[in-house]
Amino acid sequence: MPARTQLRVGRLTRAHGLKGAIKIELYTDDPGRRFVPGARFALQVPTSSKWHGKSLELLELRVYNGSPVGFFAGVTDRTEAESLVKAVLWIEQDATELSTEPDAWYVHQLAGLDVWRDGARIGRVVRVDMLPAQDMLIVDTDGREVMVPFVKAIVPEVDLRAGRITVTPPAGLFEELEQDDADDAPAEPDASAEPEASGTTDPA
């Protein structure tokens, strides 16, 4: 049996109308595949929620004024819909499945990839931080973590089959670690300097 993983595909944002419909903030580029009648979503909700530990089955996805709206089994009125606001929707997926879109990957597939620059391995991706401005690859290099913007100009190639990504970082992104190491090294004693006088000095 292939390994399974969970993907976050959406968040329920607000009730729509009186019949249990709920607006959805999509976290997927392929809603036509993920949000089909019969699709079932695990729910991420507070432990105090009546929905904790339960799942939702989608009956229909519609678009109103450019906003996707979902109708779910068992959610038949506005009060029930409002009890689901802010719930995050997750699906299960084969962890080895590749995206069908060009230059697209699932976040869980990036962790563990080797990072190469100028033909040499310089580190490994330990995780991906999804920040408001852009996603960041967190790269471990000799025990230190470097944040690498996950943009085409800096990460021009991702090869999942080879288990590696290629980076073309701006000057200083990784070199500053080398400079930090140099700064941390003990300074060589200056033979010409006079020895410090013994005793203590009150702070100014």
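The values are calculated or read from the model by the stated rules, or taken from the named source; none is laboratory data. Keep in mind the model is a prediction, meaning the values are calculated, not measured. Counting neighbours? That spans all protein chains shown, and the Cβs are built from the backbone with ideal geometry, glycine included. These accessible areas exclude ligands, DNA and RNA; they are computed on the full protein's heavy atoms, side chains included. Shrake-Rupley method; radii C 1.70, N 1.55, O 1.52, S 1.80 Å.
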Residue pairs meeting the criteria (Cβ under 6 Å; at least 6 apart or on separate chains; first in contact (Cβ under 8 Å) with a residue 12 or more places away in the chain and hydrophobic (A, V, I, L, M, F, W, C), in segment 75-87; second assigned to a loop (DSSP other than H, G, I, E, B) and surrounded by 16 or more Cβ atoms within 10 Å (Cβ to Cβ)): Val75/Gly20; Ala81/Gly20; Ala81/Val75; Ala87/Val45
Residues of segment 137-165 being within 21 Å of Tyr27 (Cβ to Cβ) and open to solvent by less than 30 Å² (accessible area, probe 1.4 Å), in sequence order, are Leu137, Ile138, Pro149, Val155, Val158
Please specify each residue of segment 118-176 satisfying the condition of being under 14 Å from the mean Cα position of the chain (by Cα) and not in a strand (DSSP E or B). Leu131, Pro132, Ala133, Gln134, Phe150, Val151
Picked from segment 38-74 (must be in contact (Cβ under 8 Å) with a residue 40 or more places away in the chain and of a type in the set (Val, Ile, Thr)), the residue farthest from His16 (Cα to Cα) is Val45
Kindly state which strands (runs of 3 or more DSSP E) lie completely within segment 1-60 and contain at least 3 residues that are within 11 Å of Leu84 (Cα to Cα). 4-16, 21-26
